[in-house]
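The values are calculated or read from the model by the stated rules, or taken from the named source; none is laboratory data. Because the structure is predicted, anything quoted here is derived from the model rather than measured. All Cβ positions, even for glycine, are placed from backbone atoms using ideal geometry, and neighbour counts span all protein chains on display.
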Amino acid sequence: MRSADAAVFVGCDRGLEVRSLPVLPPAEGRAVVDLVASGVCGTDVHILEGAIGIPAPFIPGHEFLGRVSDLGDGPHVDCLGRPVKPGDLVAVNVIEPCGSCLLCATGGAASCLNLMASLSYIADPDVAPHLHGGYAEATNCPMRYLQLLPPGLDPMVASAFLCAGPTVVRAMAYAGGVRSGEHVVVIGSGPVGLFGVLWATRHGAASVTMVGSSSNPLRLELARALGATATLDIRASTAAERLDAVRAVTAGVGADLVLEGAGAPDAFAEGLALLRPRGRLALAGQYSDRGAASIAPQLLTCNALQVFGSAQFTAEDREACFEFLLSVRDAWPTILRVVTHRATVRDAASLMSAARSGKAVKALLVPEG
Ligand SMILES: [Zn+2]
Ligand SMILES: [Zn+2]
């Protein structure tokens, strides 16, 4: 029987352990997908640091794509009902909305009340079918979690933004989208922020200001290459100076829309301060509890501000992301530069440290060779 290497999270003290696990033939309704690329997400870093308490052992990895190598019995269709066959490139969704709860029934499927119960990768790798998460050379998952990659989409371009892209698509949908001629500020220069810059630029924003850190200068350079009209380095400026800079390009009134993808609590307060009256703040980066932010609630009342929290996304959001990436082929060379680090599953721990240190913009696990 075939086996596959997997990086198993065995606890905060011991980190990742590489194990060889059997690739079982898929049961009815399941598929085996061979790894093409699996992203290291900020969320994974938080999990490994113990900031998001999930009991070990399990195989992390929730943003991955691969090639279908085996299908069990049952209708061979992906999450959107399209036929799937061995050899197809697919993204794997690790959660699915239930379709019947209050949120699913009222347009909020991304925050389905039963979402976490469907989370597929928190499972003991010692128990068949063993291979559940993305940090592995193969995955055995429910067939309905597969999502076909559109023909012609470079899997590495898709991998750069596999999780960040649809995260932004959903946050922007909640926040009313980017309207032509708007002044947009993006806080955070990781994949969420970089995709946000590209999205805002290509949806007609008059200006896109990136607020990010020069700790890794490549991030701000990529932001400019993806369309940012200005970058403000949080290490070389004060919040008051950044407010002045945003007011200078918005006739003194402030940004129409701020997308937060930084994860630092202070980014929330800064995002509010940068908005014009009735401005919209899409808060998409606060995934782990990093403490409180100090805000003056009066600002929300007096400026009638709109705040949109957004977590998770649906298969439709990921589809919208794929279609968007197909439409911005000229940006692909820059997007490929977002992927700064690649390693095999065996070297997952070193890839993790590159992600943790901020040296990596996007780090991917890829197959050998
Ligand atoms: Zn992710
Ligand atoms: Zn639901």
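Overview of results
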{"item": "Selection count, the range 355-369, where residues are within 17 Å of SER159 (Cα to Cα) and of a type in the set (Gly, Ala, Ser)", "result": "3"}
{"item": "Selection status of ALA117, over 18 Å from VAL345 (Cβ atoms) and away from ligand 2 (no atom under 16 Å from the Cβ)", "result": "no"}
{"item": "Every residue from the range 36-51 that is more than 16 Å from ligand 1 (Cβ to nearest atom) and either in a strand (DSSP E or B) or crowded, with 22+ Cβ neighbours inside 10 Å (or both)", "result": "VAL36"}
{"item": "Residue in the range 66-87 that is under 18 Å from the mean Cα position of the chain (by Cα) and either of a type in the set (S, T, N, Q) or not assigned by TED's automatic domain parsing to the domain that holds GLN286 (or both) present", "result": "yes"}
{"item": "Cross-chain or 6+ apart pairs with Cβ under 7 Å, the range 268-295 first and at positive phi, then assigned to a loop (DSSP other than H, G, I, E, B)", "result": "ARG278/ALA304"}
{"item": "Subset of the range 122-181 that is closer than 30 Å to LEU24 by Cβ and hydroxyl-bearing (Ser, Thr, Tyr) - its residue that is surrounded by the most Cβ atoms within 10 Å (Cβ to Cβ)", "result": "THR139"}
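Residues are listed down the side, and each one gets a yes or a no for (1) polar (S, T, N, Q); (2) closer than 23 Å to GLN286 by Cβ; (3) outside the structural domain of PHE9 (by TED's automatic domain parsing); (4) in contact (Cβ under 8 Å) with a residue 24 or more places away in the chain:
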| position | (1), (2), (3), (4) |
| --- | --- |
| GLU96 | no, no, no, yes |
| LEU103 | no, yes, no, no |
| MET116 | no, yes, no, no |
| SER120 | yes, no, no, yes |
| LEU146 | no, no, no, yes |
| GLY181 | no, no, yes, yes |
| GLY188 | no, yes, yes, yes |
| LEU198 | no, yes, yes, yes |
